[in-house]
1. Compute the distance in nm between two label points, each set 7 Å from the Cα along the Cα-to-Cβ direction, one at residue 98 and one at residue 18.
2. How far is the Cα center of the stretch 4-59 from the Cα center of the stretch 90-118, in Å?
3. If I take every Cα pair under 8 Å that is 6 or more residues apart in the chain, average their sequence separation and divide by the length, what percent do I get for the relative contact order?
4. Which ³J(HN,Hα) values in Hz, rounded to whole numbers, follow from the phi angles of the stretch 98-105 under the Karplus curve 6.51 cos²θ - 1.76 cosθ + 1.60, where θ = phi - 60° and Gly and Pro get x?
5. Return the sequence-ordered ³J(HN,Hα) values of the stretch 12-17 in whole Hz as given by the Karplus equation 6.51 cos²θ - 1.76 cosθ + 1.60 applied to θ = phi - 60°, using x for Gly and Pro.
6. Nearest 0.05, what FRET efficiency do residue 45 and residue 5 give at R0 = 25 Å with Cβ-Cβ as r?
7. Where both partners of a DSSP beta bridge lie in the chain, what percent of those bridges are antiparallel, to the nearest 5?
8. Counting only heavy atoms of the protein chains, get the accessible area per residue of the chain (1.4 Å probe) and round it to a whole Å² value.
Amino acid sequence: MKVEKVKVGIVGLGMVCYSHIDAYEAHPDSEVVAVCDLNEAQAKAVAEKYGISKYYTDYAEMLKDPEVNTVDITTPTFMHSAMTIQAAEAGKNISCEKPFCLTLEDGMAACEAAKKNNVSLMVGESYVFMSTIMKARELID
């Protein structure tokens, strides 16, 4: 069975976006097809650096892009819930950087939007695999 290629639009082009782009580019079934940031110079620079053909300064416009089937949200935490809901309503699968949301209610609303719109939602909580965190968990247990 052939898996549909993950065609990613990344929103929020701060420090963390670079490791995400590198990871997508390392996998043969994924490709970053668009980037988005309010800072047009930053969006253009990241697109040029990685050979990404499209950049946006308006998240709603990127969500209209039919080539993008997955959105990677790497913006500040206070924006995660609303941006996740928008992506779900646009029919996009979602990967959201941690921390996921500021409140349980915001997180549940985002999860419900993904469920309602039949899209995948993943939160990138990689710190749980750090040796120091694993040791702390072991000591707590």
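The values are calculated or read from the model by the stated rules, or taken from the named source; none is laboratory data. Please read these numbers as outputs of a predicted model, since none were measured by experiment. When we count neighbours, we look across all protein chains shown, and the Cβ atoms used for this are built from the backbone with ideal geometry, even at glycine. Ligands, DNA and RNA are stripped out before the accessible areas are found, and what is left, the full protein with its side chains, is counted by its heavy atoms. Shrake-Rupley method; radii C 1.70, N 1.55, O 1.52, S 1.80 Å.
1. 2.2
2. Comparing the Cα centres of the stretch 4-59 and the stretch 90-118, I get a distance of 20 Å.
3. Details: 234 pairs, mean separation 27.5, N = 141.
Dividing the mean separation by the residue count of the chain yields 19 percent.
4. 8, x, 5, 9, 7, 10, 4, 4
5. x, 9, x, 3, 6, 4
6. Details: r = 25 Å, r/R0 = 1.01.
With a Förster radius of 25 Å, E is 0.50.
7. On the way: 0 of 21 bridges.
Looking only at bridges with both residues in the chain, the antiparallel portion is about 0 percent.
8. 60
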